[in-house]
Structure formats: structure tokens, C-alpha cells
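Here's the structure, in C-alpha cells; my notes come after.
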Amino acid sequence: MYAYWHQGADQVPDLVAMNLERWRTLNPGWQLTLLDESDARRVLADSPMDLGSVPITTVADLLRAHLLRDHGGVWLDTTLYPVIPLDQWLPQVTEPAGFFTFDGPQPDRPIVNWFLAAHADSSVMRRLCEEFERYWTRPHHVVKRVGLWPGDSIAAVSPGTEADPAPYFWFHFLFGRLIEVDADFAASWERMPKFSAGPCFKVWRTLRTEGTVGPQRLQRLAGRAPVQKLTLTQVEYPVEALRDLVFTEAPLVPSERGWTPAMAHAVVALQETGTSRPGGRWGALAQRLRGGRTK
């Protein structure tokens with residue numbers, strides 16, 4: 001297991017310390033490695049990027065992809081709260097594609113990247129790292145999103161002078177692009193079991209709305225998924241109560257979204273091929289993979 005805290009282990013806040021402690025306690029057969037800035041620079045020594053010129057979140061995105069490509073294992077954000085042991089649910093969902101993450105929570109993103117699992121020989125992670133290198137070694141400009149969904153636009157690979165290196169969800173958008181343009185990648189995506197990320201936000205969403213909940217309700221909320229995605233802002237979490245919760249099981253909820261490339265409203269443009277838009281090849285590929293069914 002890999003996690004990242006830029007400033008180092010002695011600087012983690014209480015919530016992060018509690019999460020990391022639970023990951024180790026629940027998974028005694030796994031090793032958890034917490035990396036910091038110096039580790040990131042070592043792992044990404046061959047990266048074409050100037051790591052000092054991009055946000056910490058971008059460094060963490062590159063780091064998780066490279067670690068899983070080279071070693072396999074599990075990446076977890078430090079704000080991720082473990083509910084039950086990995087061995088209780090992860091092997092069966094990773095096996096079909098050699099890769100697993102939860103179905104993305106928004107229409108323009110097929111995945112989340114706060115939890116990623118991959119076999120050491122994962123073709124998904126190899127291809128994803130190739131796409132990242134292509135993306136970060138080409139000039140960028142922002143191509144505005146198509147459709148009405150609010151949020152980030154995607155920086156396109158073509159000449160330009162846009163100051164921002166990439167939108168916040170560049171990792172997710174490029175994953176979606178590969179589903180569009182790479183048939184083998186799309187086939188691996190199709191084999192991956194699709195489980196909803198929605199239940200993983202139950203604790204955060206409830207506390208954000210209500211402020212506090214009692215211990216029994218906290219137990220019920222957390223037990224809605226094998227992990228709960230928490231945050232470092234917006235919510236004051238009952239850290240000690242979360243530390244002591246015990247679960248025997250937690251469900252994986254099948255996704256009902258049926259994401260296809262045609263659902264993505266972010267544009268990823270290649271200079272040599274022009275701008276791709278939702279529908280067209282996106283919808284045709286998705287329809288072919290799903291036997292004529294699109295949602």
C-alpha cells in the first residue's frame with residue numbers, strides 16, 4: 001500500500017494519522033509506505049516535468065501512477081478511511097482486469113483516483129503512464145468543455161500559452177480519453193467490475209450537512225462501503241469515534257451509471273487529429289463494447 005504526505009510523516013494531522021493507523025491495523029499482511037516530497041522526487045527522477053512548477057496534487061497523481069506501474073499494489077489517499085480489511089473484498093474485484101478503482105462520482109469522470117489497485121504487470125497502468133508522459137511533454141492550451149456540466153475544462157495537447165498546467169481532474173479526463181482512443185485499454189476498462197463511489201462519501205456528506213451524528217448512526221454510515229472518502233476541510237470529523245469502529249462486513253454497491261465515453265463533457269484535443277467531442281467515436285466505441293447498449 002502507498003500513500004503520500006508531502007511534508008513527511010511527522011507533519012500529518014490527526015485525521016490522517018488515524019486513517020494510516022487503521023490501514024495498518026486492519027491489514028497486517030500488507031506493508032503501508034508513506035512517501036514524502038523527497039521520495040516523490042526519487043521515484044519521479046526520470047519525469048519530463050519540473051516537479052517544483054506544478055501543484056502538490058499533480059505530483060501525487062504522477063506518483064501513484066508510477067508506483068503502481070512499477071510495483072503494483074494499492075494507492076490510497078491519506079484522507080481515505082478503511083472500513084474492512086482489503087483481503088475481504090479487493091482480490092475478487094481486481095482480478096478480472098488486473099486493475100480496480102471505484103466508478104467516478106460525476107458524469108465527466110469514469111473513475112476516482114483516491115483509491116487505485118493494480119497488479120504489478122497491469123497493462124492499464126503502463127498505458128496510463130505512457131499517456132501521462134505524452135500529455136506532459138507537449139505544449140498545452142485549454143479547450144473549453146462541451147455541454148452544461150460545470151467544473152474543470154481539460155488542457156489540450158496542442159500549441160498555446162495557457163498558464164495553468166492542467167485542470168484539477170486531468171488524471172481522470174486522460175483515463176477517459178484512453179477509453180476513447182485505445183481499444184485494448186477500453187477492453188480492460190470493460191472487464192473491470194463497476195462499483196459505485198457514492199456510498200464511499202456517506203460519512204462526509206452527512207457530516208457536512210448535519211454537523212454531528214451519534215455513534216450508532218456513524219457506524220451505519222461508515223459501513224455502507226469498504227472505504228469512506230473523508231476530507232481535510234469542510235467537516236470536523238469525530239476522529240476518536242472513527243478510530244474505534246469495528247465492522248464485520250461492508251458492501252460493494254454495483255454502479256447503475258453505465259458510464260461510456262459519450263458521457264464525458266471534457267474535451268481532450270490532439271493537435272494532429274483535431275478536437276474530439278462527445279458522441280461520434282466515443283459513443284460508437286462504447287456501443288460496440290457494450291453490445292449495442294449505451295446509457
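Whether any residue in the range 189-203 is modelled with pLDDT under 85 and surrounded by 17 or more Cβ atoms within 10 Å (Cβ to Cβ) is what I want to check. Outline the logic, then answer.
Taking the range 189-203 first, the residues modelled with pLDDT under 85 are none.
Looking for residues that are modelled with pLDDT under 85 and surrounded by 17 or more Cβ atoms within 10 Å (Cβ to Cβ), one finds none in the range 189-203, hence no.
Would you point out which residue out of Ala3, Ala118 is within 26 Å of Arg138 (Cβ to Cβ), among the small types (Gly, Ala, Ser) and either at pLDDT 95 or above or crowded, with 21+ Cβ neighbours inside 10 Å (or both)? Spell out how you get there, then give the answer.
Numbers: Ala3 fails: within 26 Å of Arg138 (Cβ to Cβ).
Exactly one of Ala3, Ala118 is within 26 Å of Arg138 (Cβ to Cβ), among the small types (Gly, Ala, Ser) and either at pLDDT 95 or above or crowded, with 21+ Cβ neighbours inside 10 Å (or both), namely Ala118.
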Residue that is more than 20 Å from Pro82 (Cβ to Cβ) and out of contact with any strand residue (DSSP E or B) (no Cβ under 9 Å at 6 or more places or on another chain), where the choices are Thr206, Thr260: Thr260
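Please tell me if Val267 is among the β-branched types (Val, Ile, Thr) and either modelled with pLDDT of 95 or more or more than 25 Å from Leu178 (Cα to Cα) (or both). Lay out the reasoning, then the answer.
On the way: among the β-branched types (Val, Ile, Thr): yes; either modelled with pLDDT of 95 or more or more than 25 Å from Leu178 (Cα to Cα) (or both): no.
Considered against the rule, which asks whether it is among the β-branched types (Val, Ile, Thr) and either modelled with pLDDT of 95 or more or more than 25 Å from Leu178 (Cα to Cα) (or both), Val267 comes out as no.
Can Thr58 be described as touching a residue at least 40 places away in the same chain (Cβ under 8 Å), of a type outside the set (Gly, Ala, Ser) and part of a helix (DSSP H, G or I)?
Values: touching a residue at least 40 places away in the same chain (Cβ under 8 Å): yes; of a type outside the set (Gly, Ala, Ser): yes; part of a helix (DSSP H, G or I): yes.
The answer is yes for Thr58.
Regarding the range 220-230, can at least one residue be identified that is surrounded by 15 or more Cβ atoms within 10 Å (Cβ to Cβ), at pLDDT 90 or above, farther than 28 Å from Thr58 by Cβ and hydrophobic (A, V, I, L, M, F, W, C)?
Our first condition is that a residue be surrounded by 15 or more Cβ atoms within 10 Å (Cβ to Cβ); within the range 220-230, this holds for 221-230.
Then keep just the ones that are at pLDDT 90 or above; that gives 221-230.
Of the ones still in play, those that are also farther than 28 Å from Thr58 by Cβ are 221-224.
Checking the rest, the ones that are also hydrophobic (A, V, I, L, M, F, W, C) come to 221-222.
Checked against the condition, which is being surrounded by 15 or more Cβ atoms within 10 Å (Cβ to Cβ), at pLDDT 90 or above, farther than 28 Å from Thr58 by Cβ and hydrophobic (A, V, I, L, M, F, W, C), the range 220-230 yields at least one hit.
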Inspect the range 40-53 for any residue being closer than 28 Å to Val203 by Cα and of a type outside the set (Phe, Trp, Tyr) and give the result as yes or no. no
Among the listed residues Gly98, Gly104, identify the single one that is touching a Ser or Thr at 6+ places or on another chain (Cβ under 6 Å) and either of a type in the set (Gly, Ala, Ser) or surrounded by 18 or more Cβ atoms within 10 Å (Cβ to Cβ) (or both). Gly98
Restricting attention to the range 158-182, the residues that are at pLDDT 60 or above and under 19 Å from Pro55 (Cβ atoms) number exactly 12
Consider only pairs whose beta carbons are under 8 Å apart and that are at least six residues apart or on different chains; among these, list those whose first residue lies in the range 118-139 and is within 11 Å of Ala65 (Cα to Cα) and whose second residue is assigned to a helix (DSSP H, G or I) and acidic (Asp, Glu). Arg127/Asp184
Is at least one residue of the range 56-78 more than 18 Å from the chain's Cα centre (by Cα), surrounded by 14 or more Cβ atoms within 10 Å (Cβ to Cβ) and either among the hydrophobic types (A, V, I, L, M, F, W, C) or under 30 Å from Glu236 (Cα atoms) (or both)? no
Which numbered condition Thr94 fails, given (1) within 28 Å of Tyr237 (Cβ to Cβ); (2) hydroxyl-bearing (Ser, Thr, Tyr); (3) within 20 Å of the chain's Cα centre (by Cα): (1)
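The values are calculated or read from the model by the stated rules, or taken from the named source; none is laboratory data. Keep in mind that what you see is a predicted model, and the values were worked out from it rather than measured. With ideal geometry, Cβ positions are generated from the backbone for all residues, glycine too; neighbour counts draw on all protein chains shown.
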